[in-house]
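Since the structure comes first, as structure tokens, the remarks are kept for the end.
The values are calculated or read from the model by the stated rules, or taken from the named source; none is laboratory data. Fair warning: this is a prediction, and the values are worked out from it, not measured in the lab. Positions of Cβ are backbone-derived with ideal geometry, glycine not excepted, and every protein chain shown enters the neighbour counts. To get the accessible areas, we keep the full protein, side chains included, count just its heavy atoms, and leave off ligands, DNA and RNA. Shrake-Rupley method; radii C 1.70, N 1.55, O 1.52, S 1.80 Å.
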Amino acid sequence: MRFHPTEEQLAIQDALKGTLEDAMPRERLEKIVNGGGDFDRESWNALMALGLGGLALPESVGGAGLGLVDLAMGIEVLGQGGVVGPVLQHCLAGLALNLADDADARETWLGKIASGETVATVAFGGNWLPDSWAVTVAGGKASGVIGFVPGADAADLILVGTQGGGLALIEKGAGVVVEAVQSADRTRRLSAVTFDGAPASVLFEPGDARIARIFDAALVLTSADALGGAQYCLDLSVAYAKEREQFGVAIGRFQALKHQLAQMALEVEPARALMWYAAYAWDSQQDDAARAAAMAKAHIADRYVSVARAAVAAHGGIGYTWEYSLNTWFRRSLFDRAYLGSPTVHRARAADLAGW
Amino acid sequence: MDLSYGEGAETFRREVRSFLKGAWQPGERRKDELKAFIRDFRTKATDAGYLYRAIPKQYGGSEQPADVVKAQVIREEFARARAPMEIGGNGMSMLVPTLLEKGTPEQKDMFIRQTMSGDMMWGQGYSEPATGSDLASVRTRAELVGDEWVINGQKIWTSQGDRATHMFGLFRTEPNASKHGGISYLMLDLNQPGVTRRPIRQMTGEAGFYEFFFDNARTPASWIVGERGDGWNVSRTTLKHERASIGSADALGGTFRKLVELAQEMEIDGQPAIKDAKVRDALTKIEGWVMAHRYSSFRLFSLAAAQEQPGLVGLMMKLLLTETGHEMALLAQELIGDHALIEPASAGTRGRGPEKWLDQIMGTLGNSIAGGTTNIQRNIIAERGLGLPRDLAMEADK
Ligand SMILES: Cc1cc2nc3c(=O)[nH]c(=O)nc-3n(C[C@H](O)[C@H](O)[C@H](O)COP(=O)(O)OP(=O)(O)OC[C@H]3O[C@@H](n4cnc5c(N)ncnc54)[C@H](O)[C@@H]3O)c2cc1C
């Protein structure tokens with residue numbers, strides 16, 4: 001039995017952390033955020049050079065052949081660092097494509113996704129749940145509109161949720177119109193994407209059981225991002241509490257604040273094991289994998305918003321400023337909470353899945 | 001990540017199972033016969049290496065190398081067979097580990113075997129009327145007169161004080177030394193003149209804890225664990241032995257399963273409450289915490305098996321348990337509705353109907369106080385876990 005990270009997993013986390021810090025120093029992040037959010041080729045290339053795009057893809061396509069647990073631990077670090085662009089969606093698109101039967105599509109794209117040469121994203125639509133996906137594909141042409149697609153402006157390839165819960169692969173080009181939406185989270189730009197007869201190849205027919213697995217993976221990865229973000233908010237607050245002085249002492253000496261920080265830690269640290277379990281259950285296809293994914297997304301997204309809020313409070317006035325950029329993480333928490341469906345939606349699903 | 005215990009553990013599991021099949025057949029027995037049977041069973045299970053594993057053979061244990069996975073397999077299989085495990089209580093969980101580390105050979109000989117057999121039952125004598133969170137401020141005096149300690153003062157909130165035959169605790173032996181440096185860890189016999197025990201009725205109606213008054217009570221000079229004045233450090237020894245296990249997570253899981261059953265039994269507008277969207281949301285919200293607790297206990301178990309430190313999350317399990325228990329109690333009250341107005345048939349009996357949840361509702365309050373209050377838990381998380389500076393008052397005290 002092993003239920004804590006291996007040396008290798010910790011090394012991957014370290015490498016990702018270092019790479020992101022180098023490629024995305026605070027000033028660059030602020031510049032991007034102030035510019036309204038954007039794809040960032042430099043950090044993208046650095047992360048992809050490290051092998052992030054292929055972490056959970058087979059070695060035959062240049063991947064590392066690891067599992068969702070490893071990928072989620074990686075995404076966690078990026079959530080902590082506030083990564084820019086559709087990294088999560090890109091990795092997810094790779095996972096999805098790797099599950100598909102279409103050998104040609106896998107052959108053509110997986111290697112390029114692994115290397116990051118092709119930028120991919122996923123577009124689900126409706127109320128996020130597969131049943132509500134609505135883009136139609138007829139005669140190899142896709143039609144419909146999907147709102148709130150992360151990274152669609154930068155992507156070359158979009159995996160599109162189709163009516164009744166299928167998935168189609170669309171290369172950006174003729175018949176695809178991307179309109180940027182000003183998103184609350186400035187690190188992850190959203191777009192509304194219109195498909196008007198865009199050439200599409202169907203990867204999964206509606207109702208294919210693998211769709212549920214792909215959606216579960218999306219939930220796990222989002223909860224990993226949320227966990228990392230919450231961890232960052234906690235770390236920043238603890239550091240600030242040791243440094244900032246009022247009444248002649250570090251504010252971290254005041255028990256009221258100390259207890260608030262302990263409460264934040266209580267929200268973050270135990271949630272880590274819940275995220276791990278959800279990823280592990282996905283990898284090993286446990287019976288409760290779907291439920292664990294729903295619970296992880298619901299619980300951890302809630303924790304993130306709560307911890308980010310507390311972090312702003314713990315910082316006093318500076319926390320509320322645009323300039324200090326804690327709001328970047330608060331905004332990310334709002335994204336993680338709403339993206340793929342709110343905690344309420346997933347808790348209702350979890351209750352259904354329990355057969356209550 | 002891998003939650004299977006591995007081939008070796010499964011082979012071991014088969015051994016435990018076949019042992020239990022042979023040794024644990026309680027059948028129909030009279031009460032006294034059953035008692036003897038259980039005693040005999042524990043001896044056999046110890047000889048087989050399943051019980052009292054951390055205790056050397058010479059003191060009646062099975063002296064097995066530490067192996068948390070095997071220990072967990074034993075817990076699971078004994079639970080499955082409904083076979084009795086080790087005798088529990090303060091003696092086994094706190095005193096014996098302390099004696100093993102700090103006791104003299106004579107003390108080990110004298111106390112461990114009798115604690116294991118249940119002949120000696122121990123109360124933990126830490127708290128006093130003026131001393132709770134500030135444990136180092138104990139005042140109850142023990143003075144060495146000839147070859148005996150003479151004890152005067154009062155201990156309070158002693159759990160299992162009705163059954164306790166003996167007490168271990170902290171006593172002020174060096175009145176002129178510093179607050180932390182003047183305390184010794186002593187054991188004493190509670191059945192002697194000079195000791196008065198009085199039940200304290202707790203809010204559930206049960207007499208769950210007791211107070212003890214000492215009026216020139218006596219204990220041999222040799223019943224001190226560790227050095228004179230080193231009692232504070234000796235008492236800390238015990239804390240190291242508190243081991244997280246999957247078993248502890250089941251406590252919360254068990255209550256949660258009962259809460260789900262309650263939601264299935266109770267009705268809202270003629271429908272099972274569990275069909276109500278708000279109830280489903282509230283249940284799954286709580287379950288998020290239950291799962292975080294359960295998988296964190298797997299994490300602690302895994303770390304312990306790898307002989308690694310538990311870290312931050314290890315400091316949080318009690319608080320998480322208390323807080324989640326409290327949330328469950330609140331939802332239970334919501335679900336039982338007006339039944340929350342009814343005292344169970346007689347106080348402390350837990351009742352039969354929905355009103356039995358009153359005990360759970362009040363019980364969670366006990367958890368938030370016993371063994372270090374919620375405020376103290378938060379101090380520990382913040383100071384030891386997050387590295388925040390110590391409280392001014394506590395620092396002054398050192
Ligand atoms: C069910 C139960 C069983 C128990 N069993 C035993 C037993 O077997 N043996 C035994 O010795 N004791 C036992 N106790 C006693 C228990 O350990 C103490 O009650 C507990 O440590 C709190 O001490 P106190 O009651 O003196 O409260 P106090 O320490 O007076 O605390 C009162 C309030 O002040 C707060 N407070 C105190 N100091 C601080 C601080 N530094 N910072 C912030 N807040 C603070 C506390 O959190 C609490 O809210 C038991 C208690 C209960 C409820």
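Are any residues in segment B:247-279 of a type in the set (A, V, I, L, M, F, W, C) and not in a helix (DSSP H, G or I), and if so, which ones? Answer for segment B:247-279, where residues must be of a type in the set (A, V, I, L, M, F, W, C) and not in a helix (DSSP H, G or I): B:266, B:268. When the residues of segment B:276-293 are narrowed to those that are farther than 15 Å from residue A:267 by Cβ and more than 8 Å from chain A (Cβ to nearest Cβ), which ends up least open to solvent (accessible area, probe 1.4 Å)? The residue in question is B:279.
Where in segment A:1-112 are the helices (runs of 4 or more DSSP H), entirely inside, with at least 2 residues that are more than 25 Å from residue A:334 (Cβ to Cβ) and in contact (Cβ under 8 Å) with a residue 12 or more places away in the chain? Steps first, please.
Values: elements: A:7-23, A:26-34, A:41-49, A:68-81, A:87-99.
Because the criterion is at least 2 residues that are more than 25 Å from residue A:334 (Cβ to Cβ) and in contact (Cβ under 8 Å) with a residue 12 or more places away in the chain, the helices (runs of 4 or more DSSP H) in segment A:1-112 that meet it are A:7-23, A:41-49, A:68-81, A:87-99.
Would you say residue A:250 is modelled with pLDDT of 95 or more, open to solvent by 10 Å² or more (accessible area, probe 1.4 Å) and within 16 Å of the ligand (Cβ to nearest atom)? So residue A:250 does not fit the description; no.
Residue-by-condition table, conditions (1) within 16 Å of the ligand (Cβ to nearest atom); (2) at pLDDT below 95; (3) touching a Gly at 6+ places or on another chain (Cβ under 7 Å):
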residue	(1), (2), (3)
B:326	yes, yes, no
B:341	no, yes, no
B:348	yes, yes, yes
B:362	yes, yes, no
B:366	yes, yes, no
B:369	yes, yes, no
B:374	yes, no, no
B:378	yes, no, no
B:381	yes, no, no
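When restricted to residues that are within 20 Å of residue B:234 (Cα to Cα) and open to solvent by 70 Å² or more (accessible area, probe 1.4 Å), segment B:138-169 contains 4. Among the residues of segment A:332-356, those identified as under 14 Å from residue A:303 (Cα atoms) and away from chain B (no Cβ under 14 Å) are A:332, A:333, A:334, A:335, A:336, A:338. Taken as a whole, the structure leaves residue A:239 outside the set of residues that are in a helix (DSSP H, G or I) and in contact (Cβ under 8 Å) with a residue 60 or more places away in the chain. For first residues located in segment A:159-174 and within 16 Å of residue A:132 (Cβ to Cβ) and open to solvent by 10 Å² or more (accessible area, probe 1.4 Å), partners that are part of a loop (DSSP other than H, G, I, E, B) and aliphatic (A, V, I, L, M) and lie 6+ apart or on another chain with Cβ distances below 7 Å form the pairs A:163/A:134.
Could you run through segment A:180-233 and say how many residues are among the basic types (Lys, Arg) and farther than 30 Å from residue A:13 by Cβ? Selection size over segment A:180-233: 0. Considering the conditions (1) within 14 Å of residue B:136 (Cβ to Cβ); (2) within 16 Å of the ligand (Cβ to nearest atom), residue B:201 is excluded by exactly one of them, (1). Please indicate, with yes or no, whether at least one residue in segment A:105-115 is open to solvent by 40 Å² or more (accessible area, probe 1.4 Å) and hydrophobic (A, V, I, L, M, F, W, C). So far as segment A:105-115 goes, no, none of its residues is open to solvent by 40 Å² or more (accessible area, probe 1.4 Å) and hydrophobic (A, V, I, L, M, F, W, C).
On the stretch given as segment B:320-330, residues that are open to solvent by less than 30 Å² (accessible area, probe 1.4 Å), closer than 16 Å to residue B:288 by Cβ and within 11 Å of chain A (Cβ to nearest Cβ) total 2. Among what's in segment A:212-247 and is open to solvent by 10 Å² or more (accessible area, probe 1.4 Å) and touching a strand residue (DSSP E or B) at 6+ places or on another chain (Cβ under 8 Å), pick the residue that is nearest to the other protein chains (Cβ to nearest Cβ). Per the stated criteria, the residue is A:242. Filter segment B:118-136 down to the residues that are within 15 Å of residue B:200 (Cα to Cα) and either part of a loop (DSSP other than H, G, I, E, B) or more than 10 Å from the ligand (Cβ to nearest atom) (or both) and list them by number. Within segment B:118-136, B:127, B:129 qualify.
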